[in-house]
Amino acid sequence: MSARPTKASRKRTRTVSGVDDAEPTLLFTVDRAARKLMVGRDKVYQLIRRGMADPSDPEGLVSIKIGAYRRIPTAALEAYIERQVKRQTGAA
């Protein structure tokens, strides 16, 4: 008689986000963007509000809505980081 696999061993392995990391991520949730930036959710929402009020504000973060969900495009997150690096290092 063979031992039955435990519930833990039968579970599928998934990444933390639940998405296959082999596929490029196009959109981030607010929580995931906050983890990427190493800040809290409130700070991300603050950056989003600034981006909505003035899209040319270098402190703003662009986001989109899909139904009731707020998402941050990968390109917007990368652009925000680049703007901050340039601003804080004095690079033109």
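The values are calculated or read from the model by the stated rules, or taken from the named source; none is laboratory data. Every value quoted in this text rests on a predicted model; they were computed, and no experiment measured them. Neighbour counts are summed over all protein chains in view; Cβ atoms, including those assigned to glycine, are modelled from backbone coordinates with ideal geometry.
A few comments on the model shown:
- The listed residues are I64, I72, I48, and the only one of them that is closer than 19 Å to P24 by Cα, in contact (Cβ under 8 Å) with a residue 12 or more places away in the chain, of a type in the set (A, V, I, L, M, F, W, C) and touching a Ser or Thr at 6+ places or on another chain (Cβ under 7 Å) turns out to be I72.
- Residue, nearest to E59 (Cα to Cα), within segment 1-36, restricted to residues that are modelled with pLDDT of 70 or more and assigned to a loop (DSSP other than H, G, I, E, B): T29
- Here segment 46-74 is the region considered, the condition is being surrounded by 11 or more Cβ atoms within 10 Å (Cβ to Cβ) and of a type in the set (G, A, S), and the residue that is nearest to R32 (Cα to Cα) is S63.
- The one condition from (1) touching a Lys or Arg at 6+ places or on another chain (Cβ under 9 Å); (2) not in a strand (DSSP E or B) that V39 does not meet is (1).
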